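Worksheet: one structure, shown below.
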Amino acid sequence: MMAYLTNDALLNIGFKALGKNVKISDKASVYDPELIEIGDNSRIDDFCVVSGNIKIGRNVHITPQCLIAGGRPGIVIEDFSTLAYGVKVFTQSDDYSGVTMTNSTVPSAFKNEIEGKVYLKKHTIIGANSTIFPNVTLDQGTSVGANSLVLESTEAWSIYVGSPARKIKNRRKELLKLEEQYLREEG
């Protein structure tokens, strides 16, 4: 059974902004909390690492073993989005071509890191063990299948799978009516 931090413990972390009813596992690791905003009813589960410039909307679920590396460019995860087990989201990546050196122990003068903001728009769902790279926007309602590698931005209300991820079909939008009902009843 998952154990969540108490409200007092959450407030003591020093987040930039913290909504109501936020749940963060006591086994999650949070770095640079002063750069992180979390909206109402959002949840971060066991063994997640969340660091850097990150804005998490309301009703976002980051399931166990996810890595959300916002770095300087930042990650925005909009409302009602889900990251399944083991998802990794990066705003920085080394240049793997061999032209420059790589890894965090090497001074930046000897490296050519690729950096760019990542946007996960409203109602995005990312399947288990998928990876999202820098400079990518998953447009509203994007669904990414398990074990996918997303290197390019997506079209709204589309389903993507594979490595690299490719669109396979459109996604249905009935959930938007359910969202309206949920927000009315919550009101």
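The values are calculated or read from the model by the stated rules, or taken from the named source; none is laboratory data. In this text, all values refer to a predicted model and were calculated from it rather than measured experimentally. In this analysis, Cβ positions are derived from the backbone assuming ideal geometry, glycine residues included, and neighbour counts consider all displayed protein chains. Just so you know, the surface numbers come from the protein's heavy atoms only, side chains and all, with ligands and any DNA or RNA stripped out. Shrake-Rupley method; radii C 1.70, N 1.55, O 1.52, S 1.80 Å.
The stretch between Glu186 and Ala146, if pulled fully straight at 0.36 nm per residue, gains 11.3 nm over its current Cα-Cα span. The residues of segment 108-187 present an accessible area of 58 Å² per residue when probed at 1.4 Å with all protein chains retained. Percent of Cα-Cα pairs more than 28 Å apart in the chain, please. In whole percent, the long-distance tail amounts to 27. Annotation: lysines with alpha-carbon distance below 26 angstrom to Lys88 (same-chain offsets under eight excluded): Lys16, Lys20, Lys23, Lys27, Lys55, Lys111, Lys117, Lys121, Lys122, Lys167, Lys169, Lys173.
Checking every one of the chymotrypsin sites (Phe, Trp or Tyr not before Pro) in segment 1-72 against DSSP loop status and a limit of 16 other Cβ atoms within 10 Å picks out Phe47.
Nonpolar atom fraction for segment 46-172, defined as the carbon and sulfur part of the 1.4 Å probe accessible area, stands at 51 percent.
Determine Rg/Rh for segment 79-182; Rg is computed over alpha-carbon atoms and Rh is the Kirkwood hydrodynamic estimate from the same atoms.
Computed over Cα atoms, the ratio is 1.08.
Peptides 168-179, 50-61, 143-154 ranked from most to least packed give 50-61, 143-154, 168-179, packing being the mean of other C-beta atoms within 10 angstrom over each peptide's residues. Taking the centroid of alpha carbons for each part, segment 12-83 and segment 148-186 are 20 Å apart. Taking the charge dipole of the chain about its Cα centre, with +1 at Lys and Arg Cβ atoms and -1 at Asp and Glu Cβ atoms, the residue from Ile13, Ala156, Leu67 reaching farthest to the positive side is Ala156.
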